[in-house]
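Undergrad: Could you have a look at this structure, given as structure tokens, before my questions?
The values are calculated or read from the model by the stated rules, or taken from the named source; none is laboratory data. Only a predicted model underlies this, so the values are computations on that prediction, with no experimental measurement involved. What goes into the accessible areas is simple: the full protein's heavy atoms, side chains included, and nothing from ligands, DNA or RNA. Shrake-Rupley method; radii C 1.70, N 1.55, O 1.52, S 1.80 Å.
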Amino acid sequence: MMRRGGLVKPKMLGRNLSDPHHAADRACAGMSTEVFFPDTATEAADAEEICAQCPQLTRCAAWALRAGVTDGVFASVWVPDLGASTQDKNTARAHLALVAATGLPHFELSQEVA
């Protein structure tokens, strides 16, 4: 809350414009969020394919890193849930950083390294 002229005024909380989930041209627009919180690797692959076509890929990866996401598919990377090992979480963060830096989907980066 902010004080202005002796009155208490509520702080306005607008949209976070750096959050790619507000971009009109995102590939996930209008899709159920359940798609991006998969239970299996097959379900994760479906979400990763959707992300791979997104014009917000780089922005989404950078946002996911800043936001410290804890699970789900973001920018073509499946971030394991809280029960995952520290190594798996760190690997997902490294993949997000590569996507943010290159603009390439995670699975394309994996093919280039192989």
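Undergrad: Hey, can you find the accessible area per residue of the stretch 45-114 for me, probe 1.4 Å, expressed in square angstrom?
TA: Result: 53 Å² per residue.
Undergrad: If you don't mind, another one. Show F107, F37 ordered by accessible area, largest first, where the area counts protein heavy atoms only and the probe is 1.4 Å.
TA: F37, F107
Undergrad: Report, to the nearest whole %, how much of the accessible area of the stretch 40-114 belongs to carbon and sulfur atoms, 1.4 Å probe, protein only.
TA: Within the stretch 40-114, the accessible surface is 55 percent carbon and sulfur.
Undergrad: In addition: For D25 and A101, calculate 0.36 nm times their separation in residues minus their Cα-Cα distance, and state this gained length in nm to one decimal.
TA: Here the answer is 25.3 nm.
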